[in-house]
Every structure is written in C-alpha cells, then in structure tokens.
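The values are calculated or read from the model by the stated rules, or taken from the named source; none is laboratory data. It should be emphasised that the depicted structure is a prediction, and the values quoted were computed from it without experimental measurement. Note: ideal-geometry Cβ built from the backbone for every residue, glycine included; neighbour counts use all protein chains shown.
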Amino acid sequence: MRTCGVEITGSDVLLCILSKENDVFDIRDIRQTRFTLADGNNTEVMRKFQFDFAKLMQDYQIDSVAIRERQPKGKFAGSAKGFKMETAIQLIDSLDVQILSPTVIKEQLKRNPLPIDFADTGLKKYQENAFINAYVLIMRKTYRQDQH
C-alpha cells in the first residue's frame with residue numbers, strides 16, 4: 001500500500017510518500033516534494049500540473065492520494081488555485097483520491113497515534129501535514145474504519 005499525502009497551501013502542493021508492508025512503514029524519497037502553480041488561470045498550466053503530478057504518481061507506483069479537506073470560506077479558507085489543483089488531482093483516472101476532513105484526521109490520530117515523532121522522520125517541516133494525511137489514510141484502509 002503506497003500512499004501520497006498531499007497538503008495544499010496557497011499555490012503549493014506539498015507531498016510525502018508513505019508505504020506500509022507487513023506492519024512496517026517506509027517513507028520514500030521522492031524527486032519532487034512540492035509543486036508550485038505560477039498562474040492558475042491558464043488551461044495549459046493546469047494541464048501541465050495535472051500531467052506532471054500523474055507522472056510522478058505513476059513513477060512511484062502510488063495506489064492512493066490523501067488530501068486534507070480545506071475550508072471553502074472563513075479564516076482558513078483555501079485559495080482558488082488550491083481548489084483547482086485539488087480538482088486536477090481528483091480527476092486523474094488512475095488514482096484513488098481521498099479527501100480527509102479535519103475531524104476524521106483528528107479521530108484517526110487519536111485511535112492510532114503516530115508511531116514516530118515527526119522530527120525523527122527525516123522529512124522537511126513543510127511536509128508534516130502531507131505525512132500525517134498519508135498516515136491517516138493508510139490507517140483507515142488498514143482497519144477499514146469509517147470510510148466515506
């Protein structure tokens with residue numbers, strides 16, 4: 001089970017690949033840990049982003065993608081570019097994309113706390129939420145809990 005955790009902030013898509021085999025987690029090195037969208041209003045830019053993201057997922061044989069749900073309005077609202085990137089990822093046919101609500105993430109972490117302190121993962125600080133998203137989806141699939 002190989003999962004890519006995604007955190008979308010502003011015009012960035014931050015990535016972390018996590019796999020689990022025989023109850024052992026493995027954080028994969030990845031050639032690109034971030035995509036930045038320069039101009040989200042251009043169709044060609046969006047197509048290139050979608051193609052590049054799909055290619056990266058294919059190259060690393062990713063089974064599923066976990067994205068933290070962002071708020072459509074309010075203080076922590078996601079940007080228009082962010083929602084476009086999320087949609088572009090969701091529309092990639094070969095991927096199982098799951099949108100995880102903050103509540104589901106919190107409940108899953110309570111049920112299955114992270115087995116390692118994030119500082120010990122060797123990942124960059126900006127990858128923390130992407131790592132958590134991947135971990136939560138793997139735990140949900142492992143235990144088939146509250147999937148919706």
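Scanning the stretch 96-112 for residues that are of a type in the set (Asp, Glu) and either buried (at least 18 other Cβ atoms within 10 Å of the Cβ) or not in a helix (DSSP H, G or I) (or both) gives a single hit, 96. Going by the structure shown, is residue 104 of a type in the set (Val, Ile, Thr), under 17 Å from the mean Cα position of the chain (by Cα) and closer than 19 Å to residue 14 by Cβ? Against the criterion (of a type in the set (Val, Ile, Thr), under 17 Å from the mean Cα position of the chain (by Cα) and closer than 19 Å to residue 14 by Cβ), residue 104 does not qualify. Of 117, 93, 39, 63, all but one fail to be at pLDDT below 95, surrounded by 15 or more Cβ atoms within 10 Å (Cβ to Cβ) and of a type in the set (D, E, K, R); the exception is 63. Residue pairs whose Cβ atoms lie under 6 Å apart, separated by 6 or more positions or on different chains, with the first residue in the stretch 121-132 and without any contact (Cβ under 8 Å) to a residue 24 or more places away in the chain and within 10 Å of residue 33 (Cα to Cα) and the second part of a helix (DSSP H, G or I) and basic (Lys, Arg), do not occur. With respect to the conditions (1) closer than 18 Å to residue 135 by Cα; (2) charged (D, E, K, R); (3) in contact with a Gly (Cβ under 6 Å, 6 or more places away or on another chain), residue 81 lacks only one, and its number is (1). Cβ-Cβ distances below 8 Å connect the following pairs, each with a first residue in the stretch 20-37 that is without any contact (Cβ under 8 Å) to a residue 60 or more places away in the chain, a second residue that is surrounded by fewer than 15 Cβ atoms within 10 Å (Cβ to Cβ) and in a loop (DSSP other than H, G, I, E, B), and a separation of six or more residues or different chains: 21/1.
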